[in-house]
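Novice: Handing you a structure now.
The values are calculated or read from the model by the stated rules, or taken from the named source; none is laboratory data. All figures in this text were calculated on a predicted structure; none of them were measured in a lab. When we count neighbours, we look across all protein chains shown, and the Cβ atoms used for this are built from the backbone with ideal geometry, even at glycine. Only protein heavy atoms, including side chains, enter the accessible area calculation; ligands, DNA and RNA are left aside. Shrake-Rupley method; radii C 1.70, N 1.55, O 1.52, S 1.80 Å.
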Amino acid sequence: MDIITNYGFTLVVIAAAVGFLMAWGIGANDVANAMGTSVGSKALTIKQAILIAMVFEFAGAYLAGGAVTSTIRKGIIDSAFFVNTPELLVFGMISALLAAGIWLALASYLGWPVSTTHSIVGAIVGFAAVGVSSEAVEWGKVGGIVGSWIITPAISGFIAYLIFQSAQKLIFDTAKPFENAKKYVPVYMAFAGFVMALVTIKKGLKHVGLGLPAEQGYLISIAIAVLVGIAGSLYIKRLKIDPKAEKEAQFVNVEKVFAVLMIVTACCMAFAHGSNDVANAIGPLAAVVSIVDNGGEIGKSAELVWWILPLGGVGIVAGLALFGHRVIKTIGNGITHLTPSRGFAAELAAATTVVIASGTGLPISTTQTLVGAVLGVGMARGIAALNLGVVRNIVVSWVITLPAGAGLSIVFFFMIKGIFAA
């Protein structure tokens with residue numbers, strides 16, 4: 001307790017620095033979830049994608065990141081073990097942020113799309129299990145996260161496969177693709193509007209006290225879906241194309257419509273991602289600030305001091321601007337060849353999986369969800385359409401994320417403990 005009293009300000013400054021590093025890592029690695037498919041399908045250039053993502057990620061993090069956050073991210077450890085030694089939780093959260101931030105920086109440099117949530121969870125599990133007690137870890141929740149490595153990519157991949165195949169059969173494999181696009185694309189647009197509205201409501205607005213009751217959220221989403229479908233129908237009818245034009249010319253025009261859809265879905269996903277995943281950086285930071293401000297008392301949740309959310313938002317934008325292009329290229333170009341319609345199928349499948357997960361409580365990684373969706377689109381065209389070398393590297397990076405975060409966190413925990421407890 002004396003450590004918190006004597007070194008409280010120093011600990012908060014260190015926590016802010018490593019919290020910024022973690023937010024930087026989130027921007028460098030995770031933002032590809034929203035923009036990778038748009039770049040890969042050439043709906044957006046890499047510069048356009050980064051600029052758009054910077055706006056919507058920061059808006060999501062700052063405007064909808066919330067006023068309160070849980071002090072123990074995902075409830076992965078039991079705070080009761082730290083009641084008499086709150087300084088250990090402070091040391092642990094600092095070491096976890098530093099470990100996860102370094103791992104994300106390395107993964108981003110290598111172009112590996114890893115889970116920022118799993119990075120911070122692994123780091124928290126590491127310091128708690130080795131530095132405090134293995135009983136301090138909620139191992140059942142860790143098991144659920146490991147299980148999600150298989151479940152969530154499989155769900156999103158299957159949904160992406162279905163969306164892609166339906167577009168092929170209803171539009172692209174027909175004698176009159178553009179005429180059929182006029183019929184069916186508004187339906188896809190309405191479905192996208194419904195899913196994106198739900199993602200924004202469930203993942204974007206719940207953090208600022210606008211979490212609507214489930215029935216109300218669904219009703220608003222249905223109303224948005226109808227409006228989007230009508231607007232899409234009117235938009236497509238205004239497009240002029242010679243019905244006798246060659247199929248290739250018709251394909252190009254259909255893909256242009258899907259490109260517009262992709263940009264809209266990418267913006268919604270970026271906003272929802274910024275609002276939701278900024279907690280991976282600011283949650284542990286808020287825990288440190290709360291413990292120091294309350295003289296060592298550990299609460300289940302912490303009020304965010306005014307400077308924490310902007311720090312998280314700026315960190316995400318900085319990481320995205322400097323390193324974001326590496327992982328965006330892996331998701332957009334490395335796994336399989338994407339067109340706007342294929343990218344739209346992957347993006348919509350990922351968003352649908354996020355909605356399903358939030359409704360069922362399934363542990364989820366947005367990174368693994370989107371990669372699974374891109375794999376599903378690639379598989380629809382046959383195994384030869386996939387770059388298996390890239391897929392292998394991605395899977396390996398997922399498997400080593402938890403132990404990498406844990407190992408680094410353990411080392412940093414004992415270093416920090418040795419410095420301040422000396």
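Novice: If you consider only alpha-carbon coordinates, what radius of gyration and Dmax does region 268-422 have, in Å?
Specialist: According to the Cα coordinates of region 268-422, Rg and Dmax are 19.3, 61 Å.
Novice: In addition: Using the Cα atoms of region 99-168, I'd like the radius of gyration and the largest Cα-Cα distance, Dmax, both in angstrom.
Specialist: For region 99-168, the Cα radius of gyration and maximum Cα-Cα distance read 16.5, 55 Å.
Novice: Quick one: among Gln168, Gln368, Gln216, which has the greatest mean-square fluctuation in a GNM of the chain with alpha-carbon springs under 10 angstrom?
Specialist: Its mean-square fluctuation being the largest, the pick is Gln216.
Novice: Given a 1.4 Å probe, how much area per residue of the chain is accessible, in Å²?
Specialist: Dividing the accessible area of the chain by its residue count gives 40 Å².
Novice: Pop out the carbon and sulfur fraction of the accessible area of the chain as a percent, whole number, probe 1.4 Å.
Specialist: Reported share for carbon and sulfur atoms: 68 percent.
Novice: Could you grab the relative contact order for region 10-126? Cα pairs under 8 Å, six or more apart, rounded to a whole percent.
Specialist: Over region 10-126, the number comes to 46 percent.
Novice: On to the next question. Just tell me the longest site-free run in the chain, where the sites are chymotrypsin sites (Phe, Trp or Tyr not before Pro) in a DSSP loop having at most 12 other beta-carbon atoms within 10 Å.
Specialist: Counting at most 12 other Cβ atoms within 10 Å as exposed, the longest clean stretch of the chain is 1-305.
Novice: Cα atoms only: what Rg and Dmax, in Å, come out for the chain?
Specialist: 22.2, 82
Novice: Evaluate the distance, in nm, between pseudo-label points positioned 7 Å from the Cα of Asn253 and of Tyr184 along their respective Cα→Cβ axes.
Specialist: Going from the Asn253 label point to the Tyr184 one covers 1.7 nm.
Novice: Which whole-Hz couplings ³J(HN,Hα) result when phi for each residue of region 136-141 is put into the Karplus expression 6.51 cos²θ - 1.76 cosθ + 1.60, θ = phi - 60°, listed in order with x for Gly and Pro?
Specialist: So the J values, rounded to whole Hz, are 6, 8, 7, 5, x, 6.
Novice: With a ≥ b ≥ c the root eigenvalues of the C-alpha gyration tensor of region 321-386, is it rounded (a/c under 1.5), prolate (a/b larger than b/c) or oblate?
Specialist: oblate
Novice: Provide the FRET efficiency to the nearest 0.05 for the Glu246-Phe9 pair, computing r from the beta carbons and using R0 = 45 Å.
Specialist: 0.05
Novice: Measure nothing fancy, just the Cα-based angle from helix 340-360's long axis to the longest principal axis of the chain, in degrees from 0 to 90, nearest 10.
Specialist: 50 degrees
Novice: Starting from the Cα of Val396, step 7 Å along the direction of its Cβ; do the same at Val83; then give the gap between the two resulting points in nm.
Specialist: 4.7 nm
Novice: Give me the one-decimal nm value for the distance between modelled label points at Ile150 and Met415, 7 Å along each residue's Cα-to-Cβ direction.
Specialist: Here the modelled spin labels are 3.6 nm apart.
Novice: Of Val114, Val327, Val228, which has the largest mean-square fluctuation in a 10 Å C-alpha GNM of the chain?
Specialist: Val228
Novice: Expressed as a whole number of Å, what is the distance separating the alpha-carbon centroids of region 319-350 and region 135-162?
Specialist: With region 135-162 and region 319-350 each reduced to a Cα centre, they are spaced 21 Å.
Novice: Hey, how many Å between the Cα centroid of region 239-314 and the Cα centroid of region 1-46?
Specialist: So the two Cα centres are separated by 13 Å.
Novice: What is the angle, in °, between the Cα long axis of helix 86-109 and the longest principal axis of the Cα atoms in the chain? Nearest 10 is fine, range 0 to 90.
Specialist: For 86-109 against the chain, the angle is about 40 degrees.
Novice: Under the rule that an exposed site lies in a DSSP loop and has at most 16 other Cβ atoms within 10 Å, name the longest stretch of the chain with no GluC sites (Glu not before Pro) of that kind, not counting the sites themselves.
Specialist: 1-245
Novice: Let me ask something additional. What do you get for the angle between helix 388-421 and the principal long axis of the chain? Use alpha-carbon atoms, 0 to 90 degrees, nearest ten.
Specialist: The angle comes out near 20 degrees.
Novice: Turning to a different aspect of this structure: When the helix-only estimate is applied to the chain (DSSP H runs of n ≥ 4, each -39,500 (n - 2.57), divided by the residue count), what is the mean residue ellipticity at 222 nm, nearest 500 deg cm²/dmol?
Specialist: Per the formula, -25500 deg cm²/dmol.
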